[in-house]
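Written out below as C-alpha cells is the structure these notes cover.
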Amino acid sequence: MPSSEQRMFSKIALSAVSILLANLRHLLSSLMQFVPGLKNSLPSPLEEQFTLPTLQCISPLLQTVEETPEPIPAKIKGHIPGWINGNLLRNGPGKFEFGEEKYNHWFDGMALLHQFQLRNGTVTYQSKFLQSNSYLINNQHNRIVVSEFGTLAMPDPCKSVFARFMSRFDPPKPSDNANVSYVVYKGDYYVTGENNCMYKVDPETLEMKEKVDWTKFVAVNGATAHPHYAPDGTAYNMGNSYGKFGTTYNIIEVPPQKSNCNETLEGAKVLCSIAPTDNMKPSYYHSFGMSENYIIFIEQPIKLNLLRIITSKFRGKPISEGINWEPQYNTRFHVVDKRTGKVLPGQWYTKPFVTFHQINAFEDRGCVVLDLCCQDDGKTLAVYKLQNMRKSGADLDQIFGSVARTFPRRFVLPLKVNSDTPVGKNLNPLSYTSAKAVKDSDGKVWCTHENLHPDGFENFGGLEFPQINYSQYSGRKYRYFYGCGFRHFIGDSLMKVDVETKNFKIWQEDGSYPSEPVFVPVPNATAEDSGVILSVVISPDENRSAFLLVLDAETFRELGRAEVPVQMPYGFHGIFSSR
C-alpha cells in the first residue's frame with residue numbers, strides 16, 4: 001500500500017503535469033493567431049497529444065430564460081451587409097420546469113421562438129414562448145401535466161391514491177410542444193416538432209396564428225421537422241401511420257400554393273407507403289434525403305418498440321424508454337420515385353449506423369449519391385438527459401466521452417440493378433468518390449461509405465447540423481456544406497467542408513457555442529459559396545453577450561456581429577425568411 005506521503009506526492013505531480021499541459025496548449029493556441037493559415041489546418045500529432053482540456057460546464061445554457069416579447073436593438077460590431085434583409089428564425093427549448101417539477105431530457109423543454117431581424121445593416125432581437133396547449137395547461141396547473149419525450153407527467157397530487165393509480169390507464173395526452181424547427185408550407189411559416197400538430201406563426205411578430213393537425217389531412221401520426229422543397233415550392237415530408245394493417249412509413253406531398261387564403265395543408269397526400277422490416281419495431285428517423293427525382297429513406301436500427309411505448313404510462317416510464325439501439329439490424333436504404341410514387345425494387349444495405357440529418361443527395365450516371373451525418377452507435381438519445389448535460393468537471397468529461405461522434409459520409413446507390421447485374425463487382429461508376437456498392441449473391445447491394453472529411457477530423461468533434469446553399473444546390477451536385485463541430489454536448493465551432501478536396505475551414509472562440517449555421521445567398525450570386533453564414537453564438541459566462549454572428553461563406557471570416565444583452569438557451573434548428 002502506498003504511504004500517505006507517496007499519495008500526496010502523486011497528486012502534486014499530477015497537478016504539475018496538468019498545469020504544464022494547459023500552459024503548453026495555451027502557448028500553441030497563441031501561436032496559431034500569428035501563423036497565417038494555421039488556424040484552419042488540421043492539428044499536428046504534437047497538438048493532438050495535448051488536446052485534452054476539461055470541458056466547460058454549460059449548465060447555464062440549459063436553463064429556463066425569460067422571453068423578450070418586444071424587439072430590442074443589437075449592438076453592431078464590424079459590418080452587417082446591407083443586402084441581408086429578412087429574419088433569422090430559430091426554435092428550441094426555453095423552459096425546463098413548471099413549479100417544482102422539472103423536465104428530464106433536453107428535448108422536453110417548452111418551445112421558445114427567436115427572431116433576429118436584419119434591415120439595412122441593423123439588427124433587432126425578440127423571443128416568445130409558443131402558446132401551445134401543453135405550455136398553457138402546464139402553466140395553469142404550475143406543474144408538468146403533459147408528458148414529453150423523456151418526462152412522464154405524474155398524476156394529479158390532489159387526487160386520491162386510487163384515482164392516481166387508475167390514471168395510469170387513461171390514454172396519454174399528446175404533446176403539441178413544437179420546439180424543433182421552422183418549416184414552410186404553401187408560403188406560410190410553421191413551428192414544428194415531430195408530433196401531429198404544428199403552429200402557424202407570423203415571421204415578423206412571432207405571434208401564433210393557428211394550430212394545424214396533420215391527421216386532419218393525411219393518415220399519418222406526425223411528421224418530421226425537416227421537409228424538403230422542390231424548386232416549384234412543392235414540399236415533401238415523412239410520417240408514420242399505425243393502424244389495423246400495421247405500421248407504415250409514409251412519404252407526404254404538399255402542394256406549393258393555396259387555392260384560398262385560409263388554406264393550410266389542404267391537398268396534402270400520401271405519395272407512397274413503405275412497410276418496415278419489423279411491424280412492431282419500426283425505425284426512428286429525424287430526416288430523409290431527396291434528389292431531383294427520388295426520395296431516399298434510411299431505415300436505421302434505432303427502433304421504436306411499440307409495445308413498450310403503448311404501455312409506457314402504465315409502467316411509469318417516458319416514451320424515450322421505448323426507443324432502442326438494435327445493431328443486429330443492418331441499415332437499409334429505400335428509394336422512391338417522386339414522379340410515380342413507386343418504391344424502386346433494389347435492396348441497398350450497409351452496416352448499422354444512425355443518422356439524424358442528411359446533407360444532400362443528387363443523381364449521376366444512374367446512381368443516387370447520398371451524403372449524411374452518421375454515428376456508429378445509436379445510444380446517444382439516452383445520454384442527452386439534462387442531468388448529464390449540466391454536469392461539470394470529470395463527471396462531465398466522462399459522460400461526454402460515452403457519446404458517439406458524428407461524421408459526414410457519402411454513399412452511392414446504383415439504381416439499375418437486376419438479375420443480370422454481376423455479383424461481387426463494384427457498381428459505382430463515379431470516379432470522384434471511393435464509395436462502393438457491391439451486389440451479393442442474394443441480390444442485395446452492400447454499400448460502403450466514403451468519408452467526406454480528412455484524417456484527424458475527430459479532433460474537432462465531428463460535425464452535425466449540416467447546411468448547404470439549399471435554394472440553388474439541393475438535389476444537385478454540390479461542393480460545400482457547413483455545420484457545427486461538436487467537442488461538447490452542443491456545438492462549439494462552425495465548419496465549412498469542401499467535399500471535393502475534403503479540406504475544411506473553422507470558426508471558433510473559447511467559451512462560445514454557435515448554433516446551426518444558416519446559409520443566405522448574395523442576390524443574383526453565381527458562385528455556390530457566395531453568401532453569408534448566420535449563427536447565434538451564446539456563452540455560459542454571464543458577463544458575455546449573446547450575438548448573431550455573420551461570416552463570409554467563401555472565406556469563412558467574420559464580417560460582423562450583433563450583440564444583445566439577453567440570456568438564451570442552446571436551441572435546435574431555424575431558417576432565414578427573406579423580405
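Do any strands (runs of 3 or more DSSP E) lying entirely in segment 201-263 carry at least 2 residues that are small (Gly, Ala, Ser) and surrounded by fewer than 20 Cβ atoms within 10 Å (Cβ to Cβ), and which ones are they?
On the way: elements: 208-213, 235-243, 246-254.
Fully inside segment 201-263 and qualifying: 235-243.
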Practice problem: Looking only at segment 408-415, decide whether some residue is surrounded by fewer than 16 Cβ atoms within 10 Å (Cβ to Cβ), touching a residue at least 60 places away in the same chain (Cβ under 8 Å) and over 23 Å from Asp337 (Cα atoms). | Solution: no
Self-check item: Pairs where the first residue, in segment 64-77, is in a loop (DSSP other than H, G, I, E, B) and modelled with pLDDT of 95 or more and the second is open to solvent by 50 Å² or more (accessible area, probe 1.4 Å) and not charged (D, E, K, R), C-beta under 8 Å, 6+ apart
Solution: Val65/Gln567; Glu66/Gln567; Ala74/Thr122
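Say we look at segment 489-531 and pick out the residues that are among the charged types (D, E, K, R) and in a loop (DSSP other than H, G, I, E, B); which of these is surrounded by the most Cβ atoms within 10 Å (Cβ to Cβ)? Let's see the steps before the verdict.
Within segment 489-531, the subset among the charged types (D, E, K, R) is 492, 496, 498, 500, 502, 505, 509-510, 516, 528-529.
Then drop every residue that is not in a loop (DSSP other than H, G, I, E, B), which leaves 492, 500, 502, 509-510, 516, 528-529.
Details: Asp492: 22, Glu500: 11, Lys502: 15, Glu509: 14, Asp510: 10, Glu516: 25, Glu528: 18, Asp529: 22.
It comes out as Glu516.
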Quiz prompt | Unique residue being over 30 Å from Gly531 (Cβ atoms), open to solvent by 40 Å² or more (accessible area, probe 1.4 Å) and in contact with a Lys or Arg (Cβ under 9 Å, 6 or more places away or on another chain) when the list is Glu100, Glu66 | solution = Glu100
Practice problem: Report whether or not Tyr432 is among the hydroxyl-bearing types (Ser, Thr, Tyr), open to solvent by 10 Å² or more (accessible area, probe 1.4 Å) and more than 21 Å from the chain's Cα centre (by Cα). | Solution: yes
Exercise. Give me a count of the residues in segment 86-133 that are over 17 Å from Glu207 (Cα atoms) and either over 17 Å from the mean Cα position of the chain (by Cα) or aliphatic (A, V, I, L, M) (or both).
Key: 16
Exercise. For segment 430-440, state whether one or more residues are part of a strand (DSSP E or B) and either of a type in the set (Val, Ile, Thr) or modelled with pLDDT under 95 (or both).
Key: yes
Exercise. Scan segment 53-67 residue by residue and report those that are aliphatic (A, V, I, L, M) and over 21 Å from the mean Cα position of the chain (by Cα).
Key: Leu55, Val65
Self-check item: Filter result for Glu292 (within 20 Å of Arg410 (Cα to Cα), part of a loop (DSSP other than H, G, I, E, B) and touching a Phe, Trp or Tyr at 6+ places or on another chain (Cβ under 9 Å))
Solution: yes
Quiz item: If you check every pair at least six apart or on different chains, which have Cβ atoms under 6 Å apart with a residue in segment 350-377 that is among the small types (Gly, Ala, Ser) first and a residue that is assigned to a loop (DSSP other than H, G, I, E, B) and surrounded by fewer than 21 Cβ atoms within 10 Å (Cβ to Cβ) second?
Solution: Gly366/Leu415; Gly366/Lys416
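Within segment 266-283, identify whether any single residue is in contact with a Pro (Cβ under 7 Å, 6 or more places away or on another chain), outside any strand (DSSP E or B), closer than 27 Å to Asn305 by Cα and not basic (Lys, Arg), and answer yes or no. Give the derivation first.
If we filter segment 266-283 for residues that are in contact with a Pro (Cβ under 7 Å, 6 or more places away or on another chain), which is where we start, we get 267, 276, 282-283.
This time we only want the ones that are outside any strand (DSSP E or B), so: 267, 276, 282.
Cutting the leftovers down to closer than 27 Å to Asn305 by Cα gives us 276, 282.
Cutting the leftovers down to not basic (Lys, Arg) gives us 276, 282.
Scanning segment 266-283 turns up at least one residue that is in contact with a Pro (Cβ under 7 Å, 6 or more places away or on another chain), outside any strand (DSSP E or B), closer than 27 Å to Asn305 by Cα and not basic (Lys, Arg).
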Quiz item: Is one or more of the residues making up segment 350-359 more than 20 Å from the chain's Cα centre (by Cα) and open to solvent by 10 Å² or more (accessible area, probe 1.4 Å)?
Solution: yes
Exercise. Give segment 292-344 a look and list any residue that's surrounded by fewer than 16 Cβ atoms within 10 Å (Cβ to Cβ) and at pLDDT 95 or above, or say none.
Key: Glu292, Asn293, Glu326, Gln328, Asp337, Arg339, Thr340, Gly341, Lys342
Quiz item: In segment 317-333, is there at least one residue being without any contact (Cβ under 8 Å) to a residue 40 or more places away in the chain and closer than 14 Å to Val220 by Cα?
Solution: no
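Farther than 27 Å from Trp106 by Cβ, touching a Leu at 6+ places or on another chain (Cβ under 9 Å) and at pLDDT 95 or above: does that describe His488? Full working, then the answer.
Numbers: farther than 27 Å from Trp106 by Cβ: no; touching a Leu at 6+ places or on another chain (Cβ under 9 Å): yes; at pLDDT 95 or above: yes.
The answer is no for His488.
The values are calculated or read from the model by the stated rules, or taken from the named source; none is laboratory data. Note that this is a predicted model, so its numbers are computed, not measured. Positions of Cβ are backbone-derived with ideal geometry, glycine not excepted, and every protein chain shown enters the neighbour counts. The area values use the complete protein model at the heavy-atom level, side chains included, leaving out ligands, DNA and RNA. Shrake-Rupley method; radii C 1.70, N 1.55, O 1.52, S 1.80 Å.
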